[in-house]
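The values are calculated or read from the model by the stated rules, or taken from the named source; none is laboratory data. Computed from a predicted model, the values in this text were never measured in an experiment. Note: ideal-geometry Cβ built from the backbone for every residue, glycine included; neighbour counts use all protein chains shown. The area values use the complete protein model at the heavy-atom level, side chains included, leaving out ligands, DNA and RNA. Shrake-Rupley method; radii C 1.70, N 1.55, O 1.52, S 1.80 Å.
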Amino acid sequence: MHIARELLIRIFAGAAVLWAAASLAFAILQLFPSDPVQVIYGADSSVTPELRAAIRADFGLDRPVWEQYQHFLARIVQGDLGTSYQQRRSVISIIGSELGSTLTLASLSVLLAIVMACLASLVTSGRRTWLRKALSSIELLSVSTPAFWIGILLLTFFSFKWQLFPVVADEGWRSLVLPVATLALAVFGSLSQVMREEMDLALEQPFILTARTRGLSEWAVRWRHALGHTLIPCITISTETFGGLLAGSIITEQVFGRPGLGRITLEAINNHDIPVVMGIVLLVAFVFVTLNIVADLLYRLADPRLRVSAA
Amino acid sequence: MVGFGSAAVSTRMAGLALCLSSAFFCAPGVAAAQDKPQAGGTLRVVTYEPLCLDQIEGTSRNTQTALQSIYDRLVSESLDGKFHSWLASEWAISEDQLTYAFTIRDGVTFHDGTPLNAEAVRFNLQRWLDVKKAGSAPVESISSKDNVVTVKLRTAYSPFLHDLSEPTLGFISPASIQKYSKEERCAGGPGVTAGSGPFKVASRTPGRDLVLERNDNYNWAPADAAHQGKAYLDRVELRFLKEDSVRVGAVESNQADIATGVPAISVEDIKSKTHLKLLQTQQPGIPWSFWLNQSKSPLDDVRVREALRVGADYAGLIDAVFLGTATPAYAALTPAVALGHDPSLEKSWTFDEKKAKALLDEAGWSKTDSQGFRVKDGKRLTLRGISATPWSNQQRDLYAQGLKAAFAAIGVDYVRDVIDFGSADARFKANDYDIVDTSQAAGEPNLLYGAFYSTETWDKNTNWGFVKDKDLDGALADGLATTDREKRIAAYTAAQKIIAEKVYLIPIANPTVLLAVNKKVQGVTFGTSGQIGSYYDVWLSK
């Protein structure tokens with residue numbers, strides 16, 4: 001009952017966020033200095049005045065801004081995100097055709113990062129060993145190195161030099177290894193740092209001492225009792241990262257020449273393809289709203305204390 | 001319509017490319033002479049992606065490299081600027097230069113099996129006129145009767161044959177246009193994308209690749225192709241990789257056979273690989289240059305313009321910055337424009353700091369402020385330059401920094417903003433700049449019309465300098481009014497002389513186009529706009 005009501009409130013709040021995001025994006029794009037006609041016709045050519053007028057009428061750009069805004073909102077409600085200036089395809093179909101590839105990349109990367117970060121904190125937290133030092137250095141390196149550079153380095157060695165994983169040919173999972181590793185490394189750094197910190201704290205709690213006195217092995221203490229405490233920050237960071245990766249894996253997609261939302265985001269921003277930019281803004285806002293709701297539900301699963309206080 | 005920027009080629013302009021030196025491979029057919037061409041095999045190319053496979057619907061960006069082997073055109077232009085029969089077996093131009101009659105070849109079919117006849121050609125040209133206003137060609141009407149297509153122009157327009165030879169004007173099956181929506185044609189795919197070229201689409205994955213397979217019915221190659229009949233290759237796989245270093249890595253590691261858009265910094269590396277050859281051609285068009293805004297002070301004074309031209313060691317900086325991938329430019333057309341480049345302008349000015357300073361003193365900029373920059377009436381001699389992001393690259397940015405230092409030495413404060421195209425567009429409209437730096441790619445000398453004719457300012461073309469010169473207008477109009485080769489060359493030579501004499505433009509560097517190619521790949525050519533040519537004559541040695 002409580003959950004249902006809370007969920008309903010959340011969904012309404014989410015809709016408000018979406019409306020705000022759409023309006024803000026619309027307002028900002030109005031301030032763009034570019035002339036959409038130039039974009040529609042191609043940024044590499046100049047356009048005759050007659051053709052300019054014809055294109056303006058075609059895309060409704062000759063109408064007042066207020067009217068364009070109303071029209072824009074009405075279309076969104078009907079699920080129509082408009083037509084790309086550049087590709088002449090509907091924005092929905094563009095996003096639809098790219099989404100799969102991005103989802104695969106983002107979910108595999110986040111999953112790999114979580115597994116690596118869990119292992120790293122299980123093995124190294126609360127200990128002062130050389131392994132911990134080595135892992136911390138890797139984390140620091142991965143946090144401070146741009147994904148672009150990690151990608152190029154991985155390519156140089158694993159594709160160009162040793163020819164283990166192709167960048168040109170499409171060989172199923174083998175083509176996925178390097179981009180997933182690139183993104184996972186970038187996420188792993190911060191995730192692992194936070195999770196270990198959290199596990200360090202947990203290992204100092206009295207209940208851990210109790211568990212130890214019951215004769216549990218060190219591994220069982222960590223696996224059954226301490227790991228749970230790292231899940232809350234893990235959920236927070238990984239859902240947020242996952243949302244960010246949807247439109248934010250631009251660089252990785254570009255380096256590896258993969259289809260995906262990042263690539264069309266970059267293309268659309270560079271070319272001022274406004275309908276596509278809008279569509280992506282809305283999609284990302286939608287994904288973040290949804291992920292927040294999902295994260296809240298996951299918190300309850302991960303932490304029984306939240307269930308008690310909510311009841 | 002006029003193309004500008006390094007990746008751009010217009011539909012109006014013509015192109016021809018020349019080989020930079022005999023050390024490099026020359027097109028076409030030179031390599032083929034060593035060996036008998038062999039049929040079969042798959043060519044793997046890493047390049048940029050075309051956005052829309054229907055070239056009339058989408059923008060022209062990147063379409064040439066990927067799509068020119070899918071679509072055929074009416075006529076073919078060779079690198080010397082001459083025209084050859086293709087889908088038009090012959091053509092006639094009326095005395096008054098206003099009527100073009102093309103006789104369409106028999107027996108040509110599109111990939112979907114429908115015939116490519118005079119009516120199909122008329123349909124395509126009409127669509128070009130309706131959707132793209134025929135670039136800026138003054139087309140009045142298009143009609144077809146039996147096997148002849150007749151195009152009437154409102155005014156004489158000498159680049160017309162060139163426009164028709166451009167890869168962006170390849171013909172699409174009218175049946176496919178009626179059958180599929182714009183969206184489906186832009187996305188393209190086997191069956192949907194129906195040209196008549198030597199290759200047809202086998203598959204397309206947007207953002208990833210475009211795979212072409214041989215059209216076994218093909219028997220209508222242009223008269224200037226190296227062979228006739230079917231293409232040699234079974235398949236061409238175009239893989240789209242945006243990152244320069246990744247494309248280069250892909251050919252170096254043998255994952256691809258050809259890489260386009262090779263950056264200058266990779267040249268030495270590629271030369272050191274024994275399995276690769278570097279193909280290089282000079283980009284036809286207007287060199288990378290400074291367009292000088294003469295509508296206001298300080299560049300309305302020819303002495304200041306001349307001071308800028310002799311006040312820096314342009315040629316010396318080019319060797320230092322472009323690493324052998326550009327040559328110093330003096331004429332407003334690059335040497336690759338066979339029809340028109342004026343070689344007599346080579347080295348017609350040299351670095352002379354003293355002369356530059358004297359000219360500036362004479363122009364009234366004789367006092368200096370506390371930072372050493374010249375001032376007049378309390379205003380500093382500041383020149384604000386603009387370039388748009390797609391027009392610039394690492395070398396040009398570096399070069400501009402060198403120029404900034406050189407100009408500072410003669411007391412000129414040069415500021416250069418590299419901004420996105422939209423912002424640049426807004427500043428052009430507001431006349432808020434002194435210098436624009438870019439290059440324009442196309443081998444047709446009529447490029448100069450768009451860049452310098454008095455009425456062709458930014459609202460419709462690229463006369464960023466607001467040049468208004470009767471003699472120049474006269475020469476450019478002469479070049480437009482006749483298709484006679486010698487008369488055209490004379491007109492454009494005169495135009496370049498005026499541009500140089502009045503310093504309407506400071507040409508800086510003749511850019512080159514670089515391809516990294518595996519040595520087993522033979523018969524690679526360059527197209528008339530400096531892009532890689534059709535894959536029709538390409539073959540793989542075993």
Mean separation of Cα pairs under 8 Å and 6+ residues apart, divided by the residue count of chain A: what relative contact order is that in percent? 27 percent
With springs only between Cα atoms under 10 Å, which of A:Trp149, A:Trp219, A:Trp19 fluctuates most in a Gaussian network model of chain A? A:Trp219
Describe numerically, in nm with one decimal, the distance between label points set 7 Å from Cα along Cα→Cβ at A:Ile92 and at A:Ala15. 1.9 nm
Distance in Å, no decimals, from the C-alpha centre of region B:70-103 to the one of region B:371-439 is 42 Å
P(r) tail for region B:285-511, what percent of Cα pairs lie past 33 Å? 12 percent
Could you derive backbone 3J(HN,Hα) for region B:182-195 from the dihedral phi with the Karplus parameters 6.51, -1.76 and 1.60 (θ = phi - 60°), listing whole Hz in sequence and x where the residue is Gly or Pro? 3, 4, 5, 5, 5, 5, x, x, x, x, 6, 7, 10, x
Once neighbouring chains are kept in place and the probe is 1.4 Å, which whole percent of the accessible area of region B:285-511 is contributed by carbon and sulfur? 52 percent
Assuming R0 = 30 Å, can you tell me the calculated FRET efficiency for the pair B:Ala481 and B:Ser143, based on Cβ-Cβ distance, to the nearest 0.05? 0.80
Putting +1 on Lys and Arg Cβ atoms and -1 on Asp and Glu Cβ atoms, find which of B:Ala320, B:Thr455, B:Phe407 reaches farthest to the positive end of the dipole of region B:285-511. B:Phe407
Once the in-chain neighbours fewer than 8 apart are removed, the lysines whose Cα is under 21 Å from B:Lys347 read B:Lys355, B:Lys357, B:Lys497, B:Lys502
Considering the alpha-carbon set of region B:422-521 alone, what are its Rg and its Dmax in angstrom? 16.3, 54
A plus B alone minus the pair: what accessible area, both sides summed, probe 1.4 Å, in Å² to 100? 3900 Å²
Please work out the average accessible area per residue across region B:372-428, using the 1.4 Å probe convention, and give it in Å². 39 Å²
What are the ³J(HN,Hα) values, in whole Hz, obtained from phi via the Karplus relation 6.51 cos²θ - 1.76 cosθ + 1.60 with θ = phi - 60°, for each residue of region B:150-167 in sequence order, with x given for Gly and Pro? 10, 10, 9, 9, 6, 9, 4, 8, 5, x, 4, 4, 4, 4, 5, 8, 6, x
Taking every DSSP bridge whose two residues both lie in region B:285-511, the antiparallel percent to the nearest 5 is 65 percent
Extent of region B:75-184 along each principal axis, from alpha carbon coordinates, in Å, largest to smallest? 40, 30, 28
Using only helices, what value at 222 nm comes out for chain A when you add -39,500 (n - 2.57) per DSSP H run of length 4 or more and divide by the total residues, to the nearest 500 deg cm²/dmol? -24500 deg cm²/dmol
Under the definition of partner shielding as Cβ atoms of other protein chains within 10 Å of a residue Cβ, what is the mean value for peptide B:41-49? 1
Candidates A:Tyr69, A:Tyr299, A:Tyr85: whichever shows maximal mean-square fluctuation once chain A is modelled as a Gaussian network with Cα springs under 10 Å: A:Tyr69
Please compute the length gained on full extension between B:Lys230 and B:Arg380, using 0.36 nm multiplied by the number of residues separating them and subtracting their Cα-Cα distance. 47.5 nm
Helix-only mean residue ellipticity at 222 nm, chain B, DSSP H runs n ≥ 4 weighted -39,500 (n - 2.57), per residue, nearest 500. What is it? -7500 deg cm²/dmol
In peptide B:242-250, what is the residue-averaged number of other protein chain Cβ atoms found within 10 Å of each Cβ? 6
Pop the C-beta distance of B:Ala358 and B:Ser295 into the FRET formula with R0 = 22 Å and round what comes out to the nearest 0.05. 0.30
State, as an integer percentage, the relative contact order of region B:285-511 based on alpha-carbon contacts under 8 Å between residues 6 or more apart. 34 percent
With only Lys, Arg, Asp and Glu charged, each at its Cβ (+1 for the first two, -1 for the last two), find how big the charge dipole of region A:173-277 is about the Cα centre; round to the nearest 20 debye. 440 debye
Charge dipole (region A:42-135, unit charges on Cβ, about Cα centre) - positive-most of A:Met116, A:Ala74, A:Leu51: A:Met116
Rounded, prolate or oblate: which fits chain A when a ≥ b ≥ c are the square roots of the eigenvalues of the alpha-carbon gyration tensor, with rounded for a/c under 1.5 and prolate only if a/b beats b/c? oblate
Occluded residues from region B:191-232, i.e. those whose accessible area drops by 30 Å² or more once the chain is not alone (1.4 Å probe): B:Pro206, B:Gly207, B:Arg208
Taking the convex hull of Cα positions in the protein assembly as shown, its mean projected area over all directions (nm²): 42.3 nm²
Pseudo-spin-label distance A:Leu29 to A:Gln70, built 7 Å along Cα→Cβ, given in nm, is 2.0 nm
Paramagnetic reach from B:Phe351 (point 7 Å along Cα→Cβ, amide N under 16 Å) across region B:387-426: B:399-411
